[in-house]
Amino acid sequence: MDGGSIVRVFDTTLRDGEQAARINLNTGEKVQIARHLERLRVDVIEAGFPAASPGDFDAVRQVAAEVRTPVIAGLARTTEPDITAAGEALRGAARPRIHTFIATSAIHMEYKLKMNPKEVLREVESAVRLARGITDDVEFSAEDASRSDIGFLVEVYSLAADCGAMTLNIPDTVGYAMPNEFGEFCGNIIKKVARDDVIWSVHCHNDLGLSVANTLAAVKSGARQVECTINGLGERAGNASMEEIVMSLRTRSDHFGADTRIDTTRFYSVSRLVSNLTGVMVQPNKAVVGVNAFAHEAGIHQHGMLCNRATYEIMTPESVGSPGTDLHLGKHSGRHAFGERIEQLGYQLTVEQLAEAFEYFKTLCDKKKEVSDGDIEAFLLDRIIHATPERQYELRDYAVTVGSGGKPTASITLSHKDQELTEAAVGNGPVDASYKAILKILSFKPELTEFRIRATSEQADAQGEAHVILRYKDIRAQGRGASTDIIEATIRAYLEAVNRLYTTAAAREVTI
C-alpha cells in the first residue's frame with residue numbers, strides 16, 4: 001500500500017444496498033456478507049436500519065454480536081424511537097456507531113418533513129445529543145445535501161459537531177451533482193465548518209452514473225470516509241461501487257495522495273457472494289469485478305498483452321482476486337481441500353455447516369464427474385446459506401410427465417405441519433405444471449414476478465440453478481434452488497420463496 005492519507009471505507013451493502021428493489025436478505029445471509037466484509041478490512045459496516053422492521057433489528061443485532069473488528073453502524077432517523085432501537089440493536093457490538101440523519105433541502109423540508117429550518121435544527125440537536133448519550137461514536141447525515149443551501153448546511157453540520165457527532169456525512173441522495181461542482185461544494189463546507197475533530201464523509205447515488213466520480217472528487221477536496229456498496233447495489237440506480245472507488249485510489253495514488261486499508265484481493269469473491277445472495281447479477285463489463293474486466297479479444301490487444309501486460313491492464317486480475325482458472329474438485333478430494341476452496345470462494349461456514357456441505361459435495365460427486373466452483377456455490381447457497389431456517393413447506397416427492405402428444409403433467413408432494421400433501425396439475429410446460437400443483441397445496445396464492453435459470457458451469461452435466469421472486473400483498477421474497485435435475489431446481493426455488501414469504505409476513509404481522 002502506498003503512503004498518503006487513509007480514507008475510511010463505510011460499507012452500506014446490508015442497509016442501502018439491501019433497500020434496492022427485489023432484494024430481501026435474511027439474517028444468516030447478512031451475517032455471511034458481514035463476515036466477508038470484515039476480512040475485506042472495511043472500516044465501518046452499516047448493518048441495517050433497526051427501527052425499520054423486526055428482521056432489520058435482528059440482523060443488526062446478530063452482525064454486531066458476530067463481527068468484531070469493524071465499526072458496526074445502525075441507521076436512525078432523528079426520532080427517539082429510532083435512536084433507541086439502534087442503540088439496543090448495537091448493544092453487543094465491540095465498536096458501535098449510531099448513524100442519524102434528517103433532510104435539509106428545501107424540497108424535502110417542505111414536502112416530506114413539513115418542517116422549517118429552525119425545527120430541523122432542533123431535531124439535529126436533540127437526536128445527536130441522544131445518540132451521543134448511548135455511544136461515543138455518532139455519525140450525522142444531512143439527507144439531500146447536494147440540493148441544500150450551503151449556508152444552512154454549514155449551520156446544521158456545525159451544530160451536529162457541537163453536540164458530539166464525530167463523522168459528518170455529505171450525501172448526494174438523488175445523484176444530482178456533477179463531479180467538479182460536488183468536489184467544490186464539499187470543499188467549501190469543510191472549509192466553512194472548520195472542525196479538525198471530525199471525519200468528513202460522502203454518500204453518493206448513481207442516478208446519472210456519476211456516483212464514483214462524485215465520491216472521488218470529494219476525496220480530492222478533503223473527505224476521508226467514503227460510503228459505498230459492493231457491486232454498486234442500492235436504491236434506484238444504486239450507490240457508489242466500493243471496488244471502483246478503492247481501485248481508483250489505489251491505481252491513481254499519484255493523483256489522490258490517498259489510499260484505503262482494503263484487501264483488494266478479496267473483491268472478486270465478495271462480489272460473487274453478494275451477487276449470489278441477492279440474486280442481482282453483475283454485468284459482464286462491470287469495472288474491476290465483471291467477468292470481462294480482464295478479457296482481451298481484439299487481436300491488437302492480445303498482441304500487446306503478449307508483449308507486456310501493462311499495455312492494456314492498469315491493474316492485474318490478481319490484485320482484485322480474479323481467478324485465472326477454475327479449480328475442479330472430484331470424489332477423491334478431501335475435506336481439507338474442499339474447506340480451502342470454500343474459503344477461496346468467499347464463504348465462511350461453521351464446523352457444522354462445513355460438515356453438512358462436505359456430505360452434500362460427496363453426494364454430488366457420485367452424480368457428476370467433476371464438481372466446478374459454480375456447482376459448489378450453487379449448493380452452498382441452496383442447501384446451507386440461503387435456506388430459510390423455519391420452513392413451512394418441504395419437498396418430499398415430485399413426478400413430471402412430458403411428451404409430444406399431450407400436456408405436461410406434474411404431481412407434487414410437500415410436507416406441511418407433520419402432514420404430507422399431494423396435488424397434480426397440467427401446464428404449458430413442466431415448470432408451469434409443477435408451480436400450478438404447488439399452488440393447489442398452498443393456503444394462499446403468491447404471484448410469480450421473476451423467473452430465471454442458468455447452468456452453474458459450461459459442462460454438459462452442470463447443475464441447473466433457478467431463481468424466482470414471488471409477491472404476496474406488499475411482500476416480495478426471492479428463492480433459489482440448485483440440482484442436477486432442472487425441474488427439481490425450479491421447484492426448490494419456488495418453495496424457498498414461499499417459505500421466505502411466511503417468515504417475512506410473520507415479522508410484519510401480515511396474515512397468510
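Got a sec? Which helices (runs of 4 or more DSSP H) wholly within the range 1-96 have at least 2 residues that are among the basic types (Lys, Arg)? Quick ask: steps written out before the conclusion?
Details: elements: 27-40, 54-66, 80-89.
It comes to 27-40.
I'm trying to understand the selection: among the residues of the range 443-466, which are of a type in the set (A, V, I, L, M, F, W, C) and under 23 Å from Lys407 (Cα atoms)?
Narrowing the range 443-466 to residues of a type in the set (A, V, I, L, M, F, W, C): 444, 448, 451, 453, 455, 460, 462, 466.
Within the range 443-466, Leu448, Phe451, Ile453, Ala466 meet the criteria.
Being in contact (Cβ under 8 Å) with a residue 24 or more places away in the chain, over 20 Å from Val44 (Cα atoms) and among the hydrophobic types (A, V, I, L, M, F, W, C) narrows it down to one of Ile98, Ile107, so name that one.
Numbers: Ile98 fails: over 20 Å from Val44 (Cα atoms).
It is Ile107.
Could you check how many residues of the range 95-128 are crowded, with 20+ Cβ neighbours inside 10 Å, among the aliphatic types (A, V, I, L, M) and farther than 15 Å from Arg147 by Cβ?
4
Tell me which of these Ile72 doesn't satisfy, since it passes every other one: (1) in contact (Cβ under 8 Å) with a residue 40 or more places away in the chain; (2) touching a strand residue (DSSP E or B) at 6+ places or on another chain (Cβ under 7 Å).
Failing condition for Ile72: (1).
If we only count strands (runs of 3 or more DSSP E) wholly inside the range 407-512, which ones have 1 or more residues that are among the polar types (S, T, N, Q)? If you could, list the steps in order and put the result at the bottom.
Details: elements: 409-416, 419-426, 447-455, 464-472, 475-483.
Of the strands (runs of 3 or more DSSP E) lying wholly inside the range 407-512, those with at least 1 residues that are among the polar types (S, T, N, Q) span 409-416, 419-426, 447-455, 475-483.
Considering every residue within the range 256-274, establish whether at least one is of a type in the set (Gly, Ala, Ser) and more than 19 Å from the chain's Cα centre (by Cα). Lay out the reasoning, then the answer.
Step one: list which residues in the range 256-274 are of a type in the set (Gly, Ala, Ser), which gives 257-258, 269, 271.
Within this subset, residues satisfying the condition of being more than 19 Å from the chain's Cα centre (by Cα) are 257-258.
Yes, the range 256-274 contains a residue that is of a type in the set (Gly, Ala, Ser) and more than 19 Å from the chain's Cα centre (by Cα).
Taking the range 230-255 as the region of interest, how many residues are closer than 22 Å to Tyr312 by Cα and either of a type in the set (A, V, I, L, M, F, W, C) or assigned to a loop (DSSP other than H, G, I, E, B) (or both)?
Start the filter on the range 230-255 by keeping residues that are closer than 22 Å to Tyr312 by Cα, which leaves 243-255.
The next check asks that each one be either of a type in the set (A, V, I, L, M, F, W, C) or assigned to a loop (DSSP other than H, G, I, E, B) (or both); those that pass are 245-247, 249, 252.
Residues flagged as closer than 22 Å to Tyr312 by Cα and either of a type in the set (A, V, I, L, M, F, W, C) or assigned to a loop (DSSP other than H, G, I, E, B) (or both) within the range 230-255 amount to 5.
Of the numbered conditions (1) in a loop (DSSP other than H, G, I, E, B); (2) crowded, with 17+ Cβ neighbours inside 10 Å; (3) at pLDDT 80 or above, Ala287 fails exactly one; give the number of that condition.
Status for Ala287: all satisfied but (2).
Enumerate the pairs (first residue in the range 172-183 and over 12 Å from Asn206 (Cβ atoms); second residue anywhere and charged (D, E, K, R) and at pLDDT 95 or above) with beta-carbon separation below 7 Å, excluding pairs fewer than 6 apart on the same chain, so at least 6 apart or on different chains.
Every condition considered, the pairs that remain are Phe182/Asp172; Gly183/Lys220.
Taking the range 164-223, which residues are of a type in the set (Ser, Thr, Tyr), closer than 18 Å to Thr104 by Cβ and in contact with a helix residue (DSSP H, G or I) (Cβ under 8 Å, 6 or more places away or on another chain)? Steps first, answer last, please.
Start the filter on the range 164-223 by keeping residues that are of a type in the set (Ser, Thr, Tyr), which leaves 167, 173, 176, 201, 211, 215, 221.
Okay, now just the ones that are also closer than 18 Å to Thr104 by Cβ, so 167, 173, 176, 201.
Listed by number, the residues that qualify are Thr173, Tyr176.
Pick from the range 452-500 the residues that are closer than 17 Å to Gly55 by Cβ and polar (S, T, N, Q): which of them is modelled with the highest pLDDT?
Ranking the candidates gives Asn499 first.
The values are calculated or read from the model by the stated rules, or taken from the named source; none is laboratory data. Note that the structure is a prediction, hence the values are computed from the model and not measured. Ideal geometry is used to build each Cβ from the backbone, glycine not excepted, and the neighbour counts take in all protein chains shown.
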